[in-house]
Amino acid sequence: MGNFNFSKFKILTSGTKIDATGKTLIISTHGALTGGTFERPYPTVVQFCTPKMTSLRAALDEVVAGRVTGSELASSSQKTVDDHSLSWFEHDPKDDSIVASLSGKKMDVLVMKGGKSETLKNVLTFLKTSGFLYPNILCVFCRVSAEQFEGNAYIGGSTTGKVHAFVSQANQHKVNATAIMLELQQKKGFK
């Protein structure tokens, strides 16, 4: 079973190596909008479990079990993605529990290491340079901004993660098309 450590984060998988082929990468962290955007470094569908400017109340085990899905239609034609600062989420289960829950599922989980932070842009750039081309990235983190705080108190809206059947189905079609394209590119040696 896989617990693959990198400098600021780790990727947990039920396999013995990281194989992104046709899989979803769940990113489970604290998150905050940086105010910037970036272009995807490779073709992938980026989905968020909460609307922009909203905090998320959902647990990773709910996402892995399929009880929480993306809440927005992922736009494959959209050139840029909102960048987010990502940091360790202290309420995630222990690594071995996460890995056990992934058994038989086409998904891996990326979690930040305690005390470390990184941007979504840099995570996706790392995935590309490492050859971990996940066709679907499911972001399980808050999408809040500094303006939504008074001192240390959060004053913005929040949402409880849930299944969005129409959004899930529409996004799955985009993910399937992206997965096929990535596999064809890899077989032909395209980068």
For this session: Kindly list, by first and then second residue, each pair from a residue in the stretch 160-174 that is part of a helix (DSSP H, G or I) to a residue that is among the aliphatic types (A, V, I, L, M) and modelled with pLDDT of 80 or more, limited to pairs with Cβ atoms under 8 Å and residues at least 6 apart or on different chains.
Result: Asn171/Val45; Lys174/Val45
Exercise. Got at least one residue in the stretch 93-101 being more than 19 Å from Leu124 (Cβ to Cβ), in contact with a Lys or Arg (Cβ under 8 Å, 6 or more places away or on another chain), surrounded by 14 or more Cβ atoms within 10 Å (Cβ to Cβ) and modelled with pLDDT under 95?
Worked result: yes
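The values are calculated or read from the model by the stated rules, or taken from the named source; none is laboratory data. Predicted model, so just to flag it, every value in this text is computed and none were measured. Ideal geometry is used to build each Cβ from the backbone, glycine not excepted, and the neighbour counts take in all protein chains shown.
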